[in-house]
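Below is one structure; the comments refer to it alone.
The values are calculated or read from the model by the stated rules, or taken from the named source; none is laboratory data. All values reported here derive from a predicted model rather than from experimental measurement. Ideal geometry is used to build each Cβ from the backbone, glycine not excepted, and the neighbour counts take in all protein chains shown. For accessibility, only protein heavy atoms count, side chains too; no ligands or nucleic acids. Shrake-Rupley method; radii C 1.70, N 1.55, O 1.52, S 1.80 Å.
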Amino acid sequence: MKNFNLFFYRIFHWEYWSMKFIYYPLFPIWIYLSIKSRSLFFFNAANPKIKNGGMAMESKDDIYKMIPEEHIPKTLHFQNNTDSNAILKACAATNITFPFIIKPDIGMKGLGVAKIHDGEELAAYLKKNKTDYIVQEYISHPNEVGIFYVRHPNEKKGSVTGIVSKEFLTITGNGKSTVGELIIENPRSHLQLNRLRKKYGSYLKTIPGNKEKITLMSFGSHTLGARFLDLSNAITPELTERVNAICQGVPQFYYGRLDVKLTSLEDFTQGINYSIIEINGAGSEPTHIYDSSHTIFYAWKEICRHWFLLQKISQANFCKGVKYLSFKEGLSMLKQNGQLEKQLRQI
């Protein structure tokens, strides 16, 4: 796809807009909720056991330690100066084998997440990474969903407010075009071209066989080209009960999104063939809004709906004695988060 056409594709598909264009029009709503809470940074009270409520700069390792082991992949935490031999030794002792997932302990937007196939790839990753990181068992279940969960602190049970299915970024060969040419043909993959060039290098000159499918990014991140499909109509009382059972096992977790690898929603509802690869807190987006069938107006409505729920939960916890971040602490968090994002984009 030519750059001219790609430009207009982004304009007419709001899911590719800058986050500033999506969220800045809603700033007056956040101010209103802040006035109600008497704090710009009320959100940290939403999940009292997670740093900053899970809005930013929270440790994934700390969150994994809060989740019962039967729900998550095998997970190891390492300091940024750990050498590859020590990592491989620890992985062997924990039965984590290649391929495995590696990602920054404090991360965002899928930045710095990689699937490692061998020691050479691990060594290359460690040279670029300057943060503490997580090594995690690769879960081969074919599907990934995001399940948004909300529970008022004064209620025993919460609700599921949205479900999104994530289709990984793939291309299909025709026996003639190179991987690079196939990437450019599809706007979703073309928008990831610079990242894919960095990741695959000369492999982009390879010609896949006819109807050969290649997964370019095996992560369910919208910023990495995954396609999001709204499955909120699949919410059932039985599925909600399953999510409640999981989330009630996480101390004082009231608001956020579960990212789950699974075989099917039916299996998940029955408590089989799934693994929670992440739990995100107050900074979670209701990612079902990114289904291409939804308008920007629907997205704004859903974002605001979840912000109101976030404020209500935070205020309830505040009344129970959970302190809000001070203005100084909030600004410091935002500054650290901005610096971290610049750093992660270098990995």
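Could you list, in sequence order, the residues of the range 293-307 that are open to solvent by 70 Å² or more (accessible area, probe 1.4 Å) and not in a helix (DSSP H, G or I)? Within the range 293-307, S293, T295 meet the criteria. Just one of the numbered conditions (1) surrounded by 14 or more Cβ atoms within 10 Å (Cβ to Cβ); (2) outside any helix (DSSP H, G or I) is not true of N81: (1). Here N233 qualifies as out of contact with any Lys or Arg (no Cβ under 8 Å at 6 or more places or on another chain), in a helix (DSSP H, G or I), among the polar types (S, T, N, Q) and at pLDDT 95 or above.
Quick one: would you say I184 is of a type in the set (V, I, T) and outside any strand (DSSP E or B)? Walk me through it before giving the result.
On the way: of a type in the set (V, I, T): yes; outside any strand (DSSP E or B): yes.
Criteria met by I184.
What do you reckon, is N52 touching a residue at least 60 places away in the same chain (Cβ under 8 Å) and part of a helix (DSSP H, G or I)? In short, yes. Scanning the range 211-256 for residues that are open to solvent by 30 Å² or more (accessible area, probe 1.4 Å), more than 16 Å from the chain's Cα centre (by Cα) and β-branched (V, I, T) yields T215, I235, T236.
Before we move on, is E341 touching a residue at least 40 places away in the same chain (Cβ under 8 Å) and either farther than 30 Å from H71 by Cα or in contact with a strand residue (DSSP E or B) (Cβ under 8 Å, 6 or more places away or on another chain) (or both)? So that I can check it myself, show each step before the final result.
Values: touching a residue at least 40 places away in the same chain (Cβ under 8 Å): yes; either farther than 30 Å from H71 by Cα or in contact with a strand residue (DSSP E or B) (Cβ under 8 Å, 6 or more places away or on another chain) (or both): no.
Answer is no for this residue.
Is there a residue being of a type in the set (G, A, S) and crowded, with 17+ Cβ neighbours inside 10 Å anywhere in the range 257-274? Reasoning before the result, please.
Quick first cut of the range 257-274, residues of a type in the set (G, A, S) only: 264, 271.
In the following step, the residues that additionally are crowded, with 17+ Cβ neighbours inside 10 Å were identified as none.
The answer is no; no qualifying residue exists.
Is at least one residue of the range 189-197 over 24 Å from I11 (Cβ atoms), of a type in the set (S, T, Y) and either open to solvent by 30 Å² or more (accessible area, probe 1.4 Å) or not in a strand (DSSP E or B) (or both)? No - not one qualifying residue is present in the range 189-197.
Sub-8 Å Cβ pairs linking a first residue in the range 291-317 that is farther than 18 Å from V164 by Cα to a second residue that is at pLDDT 95 or above and of a type in the set (D, E, K, R), at least 6 apart or interchain, are Q311/K36; I313/R151; Q315/K36, ordered by first then second residue.
Evaluating K130 against the criteria (1) part of a helix (DSSP H, G or I); (2) in contact (Cβ under 8 Å) with a residue 60 or more places away in the chain; (3) not polar (S, T, N, Q) leaves one unmet condition, (1).
For the range 119-136: of the residues being aliphatic (A, V, I, L, M) and within 20 Å of the chain's Cα centre (by Cα), which is nearest to D105 (Cα to Cα)? So, considering only residues that are aliphatic (A, V, I, L, M) and within 20 Å of the chain's Cα centre (by Cα), the one nearest to D105 (Cα to Cα) is I134. Any residue that is under 24 Å from H13 (Cα atoms), out of contact with any strand residue (DSSP E or B) (no Cβ under 6 Å at 6 or more places or on another chain) and among the aliphatic types (A, V, I, L, M) - is there at least one of those in the range 312-320? No.
If you go through the range 71-84, how many residues are charged (D, E, K, R) and more than 24 Å from the chain's Cα centre (by Cα)?
From the range 71-84, those charged (D, E, K, R) are 74, 83; that's our starting set.
If we keep only those that are more than 24 Å from the chain's Cα centre (by Cα) as well, we get 83.
Qualifying residue count for the region: 1.
Considering the range 85-111, the residues that are in a strand (DSSP E or B) and over 13 Å from the mean Cα position of the chain (by Cα) include one that is surrounded by the most Cβ atoms within 10 Å (Cβ to Cβ), namely I102. Exactly one residue out of E167, E185, E155 is free of Cβ contacts under 8 Å to residues at least 12 places away in the same chain and surrounded by fewer than 20 Cβ atoms within 10 Å (Cβ to Cβ), and it is E155. Quick test for you: out of I207, I139, pick the one residue that is open to solvent by less than 60 Å² (accessible area, probe 1.4 Å) and either part of a loop (DSSP other than H, G, I, E, B) or at pLDDT 95 or above (or both). After ruling out the rest, the residue left standing is I139.
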